[in-house]
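Notes follow the structure.
The values are calculated or read from the model by the stated rules, or taken from the named source; none is laboratory data. Remember, it's a predicted structure, so these values are computed and weren't measured experimentally. All Cβ positions, glycine included, derive from the backbone under ideal geometry; neighbour counts span all protein chains shown. Calculation scope for accessible area: heavy atoms of the full protein, side chains included, ligands and nucleic acids excluded. Shrake-Rupley method; radii C 1.70, N 1.55, O 1.52, S 1.80 Å.
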Amino acid sequence: MNYGTVLILFNSPRGGASSFAESEEGVLEEVRAVAASLAKLGIAHREIGLRTLSELPAVLSANPAKLAVNLVEGFSNVVI
């Protein structure tokens, strides 16, 4: 089956000292695990970090894909 390029979407770490640092590192570990699994299967993928929800439409328009893996847990002012 041809999946094309799979997008791996995640919330970009805020950086600095944050009460969410452990959670953000967990998301990055998940991104690495998904990327490694897709690579092992020979499936092209692209990792895209988002800082705000408003970035999503432009990201999806610029990166058409049949499948996106959503690892976004939240943004600085919005919890999903």
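Worth pointing out:
- Every residue from segment 47-80 that is closer than 21 Å to E25 by Cβ, among the aliphatic types (A, V, I, L, M) and either at pLDDT 95 or above or part of a strand (DSSP E or B) (or both): I48, L50, V69, V78, V79
- For segment 31-56, a tally of residues being open to solvent by less than 80 Å² (accessible area, probe 1.4 Å), more than 12 Å from L7 (Cα to Cα) and not aliphatic (A, V, I, L, M) returns 4.
- Within segment 57-79, being touching a residue at least 12 places away in the same chain (Cβ under 8 Å) and farther than 22 Å from Y3 by Cβ holds for E73, G74, F75, S76, V78.
- Some residue of segment 15-28 being open to solvent by 30 Å² or more (accessible area, probe 1.4 Å), under 15 Å from V69 (Cβ atoms) and either at pLDDT below 90 or in contact with a strand residue (DSSP E or B) (Cβ under 9 Å, 6 or more places away or on another chain) (or both): yes
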